[in-house]
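All remarks here apply to the structure that follows.
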Amino acid sequence: MSLALLTTREDHRIAWLAALAITLHIVESTLPSPIPGVKPGLANIITILTLIQFGWSTAAWVNLLRVLVGSVLVGSFLSPTFILSLAGAISSIMVLRVASWLPLSGRKQGTGTIGSGGSGFGPIGYSVLAAMAHMAGQFYTAYLLFIPHDALFHLLPVLMTAAVIFGIISGFIAHLILGRSLNQPRQSPVR
Amino acid sequence: MTRADIVVVILAVALLPFLYITYWGSSQQGNELRVMVNGKETMVLSLHENKHITVPGPLGASVIDIHDGKARFVSSPCRGKQCVHTGWLGQGGEFAACLPNRVSIAVIAQEQRYDSIVF
């Protein structure tokens, strides 16, 4: 008996993008980190690209699948690391939802979005917001569930500085990638 | 970058010093050391002048050292040496006492780290 699973273009797209994000997630998990909780968050690049190219719900799927599958592959599924990661992903995706409600956000404006002075967010704005929301969500979850001690707040400025810096960097990378892919004739990544 | 991007980046960067001030600034470095004997203030010393002082109490002399903005009990004629083990004090509101000898020292800053301490 063969079981045929009906998959849509959207499913394929999510799978491809999630695979990319998971790859970055795993590569990054092998890098040493100076302070627990500080990571470049390269997978954020994929979330932002997905958000701008394919909309919020695709980005939400990609981000949550990334956390789930990434943790299973790294071996941190259901561990505190996973819970913090999930909390971060959920808060960043919520903030991106709110941010993408702004008029003229993303590419609804047309192909000229990148680099033009529209009033909506571009990749850098989204990325900084997502990185900070991720850090804040992760931080408060850590505070509420794992380390309910006020001394933890002494780490917050350092963590937020890292989030802002890495948010700008990954936003800039997303901006470069978008600039390239928009200059070429648009092609769906999925056949 | 869109205008909204620029606003977000500026706000994000502006938030950072605020965070540092809020979470790091609260433990303020003290400026002065208040020395009390028998519950009465006997002297107030600057924490920025390094010196050794000897404070006479009912049991004998307690020796207090002030060095680089911090102060500590070096010795005291008591049994528990709680005051000596308290170590260096440097932040506003920090406090050490030698109860047997009735000598206590407290760091004074514009903003105190503790409102009160109960033992």
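Details
- Failed condition for A:Ser33, given (1) part of a helix (DSSP H, G or I); (2) within 22 Å of A:Thr161 (Cβ to Cβ): (1)
- Verdict on B:Val8 being crowded, with 19+ Cβ neighbours inside 10 Å and in contact with a helix residue (DSSP H, G or I) (Cβ under 9 Å, 6 or more places away or on another chain): yes
- Long-range neighbours under 8 Å by Cβ, at least six apart or interchain, first residue in contact (Cβ under 8 Å) with a residue 24 or more places away in the chain and within 12 Å of another protein chain (Cβ to nearest Cβ) within segment A:157-179, second charged (D, E, K, R) and part of a helix (DSSP H, G or I): A:Gly171/B:Asp5
- For segment B:1-53, residues that are among the small types (Gly, Ala, Ser) and facing chain A (nearest Cβ under 8 Å) total 2.
- No other residue among A:Ile90, A:Ile83 is under 13 Å from the mean Cα position of the chain (by Cα) and at pLDDT 90 or above apart from A:Ile90.
- Subset of segment B:3-52 [under 28 Å from B:Cys98 (Cβ atoms) and more than 14 Å from the chain's Cα centre (by Cα)]: B:Met36, B:Val37, B:Asn38, B:Gly39, B:Lys40, B:Glu41, B:Thr42, B:Met43, B:Glu49, B:Asn50, B:Lys51, B:His52
- Residue match in segment B:63-84 (condition: farther than 30 Å from A:Val164 by Cα, touching a strand residue (DSSP E or B) at 6+ places or on another chain (Cβ under 9 Å), in contact (Cβ under 8 Å) with a residue 40 or more places away in the chain and among the polar types (S, T, N, Q)): no
- Of the set (1) part of a loop (DSSP other than H, G, I, E, B); (2) in contact (Cβ under 8 Å) with a residue 60 or more places away in the chain, all apply to B:Val107 but (1).
- Every residue from segment A:105-147 that is at pLDDT below 80, in a helix (DSSP H, G or I) and more than 8 Å from chain B (Cβ to nearest Cβ): A:Thr111, A:Gly112
- One residue alone among A:Ser29, A:Ser33, A:Ser2 is of a type in the set (Gly, Ala, Ser), surrounded by fewer than 19 Cβ atoms within 10 Å (Cβ to Cβ) and farther than 28 Å from A:Ile83 by Cβ, and that residue is A:Ser2.
The values are calculated or read from the model by the stated rules, or taken from the named source; none is laboratory data. Everything quoted here is computed from the prediction, not taken from an experiment. All Cβ positions, glycine included, derive from the backbone under ideal geometry; neighbour counts span all protein chains shown.
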